[in-house]
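Peer 1: Quick one: the structure is below, questions incoming.
The values are calculated or read from the model by the stated rules, or taken from the named source; none is laboratory data. Every value quoted in this text rests on a predicted model; they were computed, and no experiment measured them. Cβ placement follows ideal geometry from the backbone for every residue including glycine, while neighbour counts extend to all protein chains displayed. Ligands, DNA and RNA are stripped out before the accessible areas are found, and what is left, the full protein with its side chains, is counted by its heavy atoms. Shrake-Rupley method; radii C 1.70, N 1.55, O 1.52, S 1.80 Å.
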Amino acid sequence: MAAVEDALRSWSAASAGFEHWDVTHAQCRSLIAREVGTAETNVALIPSVVPGVSYVSTQLARRGGVLLAHRSEFRSLLLPAMQAYGEERVRWVDGPYVAATFADALDHDVSAVVVSTVGSHDGSRVDLPGLLDACHQAGAELVVDATQSLGVIALDVPAEAPAAIVAAGYKGLLAPRGTGYGIVRPDLTDDVPAHPSPYGMADTSVVGPYGPPLLPFTGAARLDQSPAWFSWVGARAGLEFLGGIPVAAREEHSLRLARRLHDGLADAGFPVVDGDRPSPVVSLPVQAPGDVLADLERAGVRAAVRRGMLRMGFHLYVTDEAVDTALDVLVRHR
């Protein structure tokens, strides 16, 4: 917030220079590369996950076969992949959001699987290494949305193992809305993007943003889009802050508190959702969700309702006291 407010003050005083903000935008590439453990050349700076998913899915769809997707998948991941394949080439799965649900539907007709590290709709954390192995055995590629986990817990697989890992910046990475990242495997960065931008061109620093040719960067940077500057000012500050705290410490804190809430609710008889692995998101069905949300809000706890499930997410800023408060409110609503 402080970084964005400083940028806004300089803008309102007509003392800002966009060149400085372009440098800030570019610095986010090295910061996110360090966060996920990959080379900077594998990172695209995009406004949401959609361009990254679309770019990779379009290439995978050309190989033939079908797309495997969960019917409750978040649309930012699902829709661009569906468009690339065509709805008639989508194989749907239902049921628990766990690796086995996807793996049981895999065969050699599947060329790509889309999955989230943590399901947005119910907080289930998927066994990503197990699903990746199943995909490889079937000859399928995996496209992963890490929006619900990146910045909070570590990736369970090497960043270059799936075809792509995408994430929006506005959740665990502590950025404003309008920032996102695509980690694209090098063998899938030869295509020209469907919507090329001057920020993705290798010669822009020489010829500026005018005229031909169409000469994209080598690597994932060819997907870069013109940045919403203030959002990226906040993104850099968030990434710098997170970079000062080992991801193992972030994960330990967040998963410990999530487990406290999960176990407390389970002990009280609530049907809490379980995934393959401990998740930083706790979800459960509740009666009268509007009333529950209002009571939690009055007690100082923010939550959400997604597809009929009450959802509570954990990060560094969540305290033990917040868990106690949430437990007290929810038990009183039984």
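Peer 1: Would you point out the residue of region 67-77, among those that are touching a strand residue (DSSP E or B) at 6+ places or on another chain (Cβ under 6 Å) and open to solvent by less than 30 Å² (accessible area, probe 1.4 Å), that is nearest to His195 (Cα to Cα)? Break it down stepwise before answering.
Peer 2: Step one: filter region 67-77 for residues touching a strand residue (DSSP E or B) at 6+ places or on another chain (Cβ under 6 Å), giving 67-71, 77.
Subset that is open to solvent by less than 30 Å² (accessible area, probe 1.4 Å): 67-70, 77.
Details: Leu67: 23, Leu68: 25, Ala69: 25, His70: 27, Leu77: 18 Å.
Among those that are touching a strand residue (DSSP E or B) at 6+ places or on another chain (Cβ under 6 Å) and open to solvent by less than 30 Å² (accessible area, probe 1.4 Å), it is Leu77.
Peer 1: Please work out which residue is farthest from Val272 (Cα to Cα), limiting yourself to region 69-106 and to residues that are small (Gly, Ala, Ser) and touching a His at 6+ places or on another chain (Cβ under 9 Å). If you could, list the steps in order and put the result at the bottom.
Peer 2: First, the residues of region 69-106 that are small (Gly, Ala, Ser): 69, 72, 76, 81, 84, 86, 95, 99-100, 103, 105.
Filter once more, so that each one left must be touching a His at 6+ places or on another chain (Cβ under 9 Å): 72, 95.
Working: Ser72: 18, Gly95: 15 Å.
Across region 69-106, the extreme among qualifying residues is Ser72.
Peer 1: Quick one: in region 160-185, of everything that is outside any strand (DSSP E or B) and more than 13 Å from the chain's Cα centre (by Cα), which residue is nearest to Arg34 (Cα to Cα)? Quick ask: steps written out before the conclusion?
Peer 2: The first filter runs over region 160-185 and keeps only residues outside any strand (DSSP E or B), leaving 160-163, 169-179, 185.
Remaining after also requiring more than 13 Å from the chain's Cα centre (by Cα): 160-163, 176, 185.
On the way: Glu160: 13, Ala161: 16, Pro162: 18, Ala163: 19, Pro176: 20, Arg185: 16 Å.
If we take residues in region 160-185 being outside any strand (DSSP E or B) and more than 13 Å from the chain's Cα centre (by Cα), then Glu160 is nearest to Arg34 (Cα to Cα).
Peer 1: Now a separate question. In region 288-321, what residues are part of a helix (DSSP H, G or I) and open to solvent by less than 30 Å² (accessible area, probe 1.4 Å)?
Peer 2: At the first step, the residues of region 288-321 found to be part of a helix (DSSP H, G or I) are 289-298, 320-321.
Within region 288-321, Val292, Leu296 meet the criteria.
Peer 1: Quick one: how many residues across region 233-266 are in contact (Cβ under 8 Å) with a residue 60 or more places away in the chain, out of contact with any helix residue (DSSP H, G or I) (no Cβ under 9 Å at 6 or more places or on another chain) and either on the phi > 0 side of the Ramachandran plot or surrounded by 19 or more Cβ atoms within 10 Å (Cβ to Cβ) (or both)?
Peer 2: 3
Peer 1: Do you know which residues across region 200-229 are open to solvent by 40 Å² or more (accessible area, probe 1.4 Å) and closer than 19 Å to Gly169 by Cα?
Peer 2: Gln225, Ser226, Ala228, Trp229
Peer 1: Checking the condition modelled with pLDDT of 95 or more, of a type outside the set (Val, Ile, Thr) and within 30 Å of Arg71 (Cα to Cα), which residue from Leu327, Leu257 passes? First the steps, then the outcome.
Peer 2: Working: Leu327 fails: within 30 Å of Arg71 (Cα to Cα).
After ruling out the rest, the residue left standing is Leu257.
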